[in-house]
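For reference, the structure discussed in these notes is given below.
Each reported figure results from applying straightforward, stated rules to the coordinates on display, with no laboratory input. This structure is a prediction, so every number in the text was calculated from the model and none was measured. Virtual Cβ from ideal backbone geometry, glycine too; neighbours counted across all protein chains shown.
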Amino acid sequence: MDEDMKQIRFTIPGQPFGKQRPKFSRAGAYVKTYTPKETTSYENLVKLFYNEAAKGKMFPEGAMLDVRIIAYYEIPKSTNKKKRREMLEHRIRPTKKPDWDNIGKIVCDSLNLVAYHDDSAVVDAQVRKFYPETPRVDVMIKVVGPDQI
């Protein structure tokens, strides 16, 4: 744990991915709950890119955190030039899945015990969706004080 860590930025390359609901399977009289493989894989990707940026550091225990996420979706290949330009100028923004809240949930859940002790430390958050040249998810986490509310 690093008491001096105040802010970090990192990027997860590729198409944004949202937290999936747990799956259920029956084994005789028992029902087993499990996390879908795609969700687990993406959570590991988030951890990997956080750790590359943070070099193993965590936010201090008890810190109040602000999380900002910008999800950049791939522009469909069939998009015409006019619409593509409007997408790149942010005049058209993604209204498709995954939903903003599921993107935030997978990022914040992934960072439990990696960036912070529990995602309950997140007191403020924002998820925004855009179309770029390159799909990715940019994450910024910073410590906030009582004067920044």
- Considering only DSSP beta bridges whose two residues both sit in the chain, what percent are antiparallel, to the nearest 5? 70 percent
- the range 10-149: translational diffusion in µm²/s, Stokes-Einstein, Kirkwood Rh over Cα pairs, 4 °C, 1.567 mPa s: 78 µm²/s
- Computed [θ] at 222 nm, deg cm²/dmol, the chain (DSSP H ≥ 4; -39,500 (n - 2.57); rounded to nearest 500): -8000 deg cm²/dmol
- Query: Based on Cβ point charges of +1 for Lys and Arg and -1 for Asp and Glu, what charge dipole magnitude is obtained for the chain about its Cα centre, in debye rounded to the nearest 20?
  - Reply: 1200 debye
- Pairs over 22 Å Cα to Cα, from Lys47/Lys96; Lys6/Lys97; Lys37/Lys97; Lys81/Lys129, come to Lys47/Lys96; Lys6/Lys97
- Which FRET efficiency value, to the nearest 0.05, do you get for Lys57 and Gln15 by plugging their Cβ-Cβ distance into 1/(1 + (r/R0)^6) with R0 = 22 Å? 0.20
- Note on the structure: Subtracting the Cα-Cα distance of Val123 and Arg93 from 0.36 nm times their residue separation yields 8.2 nm
- Message: Give the aspartates and glutamates whose C-alpha is closer than 12 Å to that of Lys19, dropping any in the same chain fewer than 8 places away, or say none.
- Response: Glu38, Glu43, Asp99, Asp101, Asp109
- Residue (of Ala121, Ala29, Phe10) at the positive-pole extreme of the chain, dipole from beta-carbon charges: Ala29
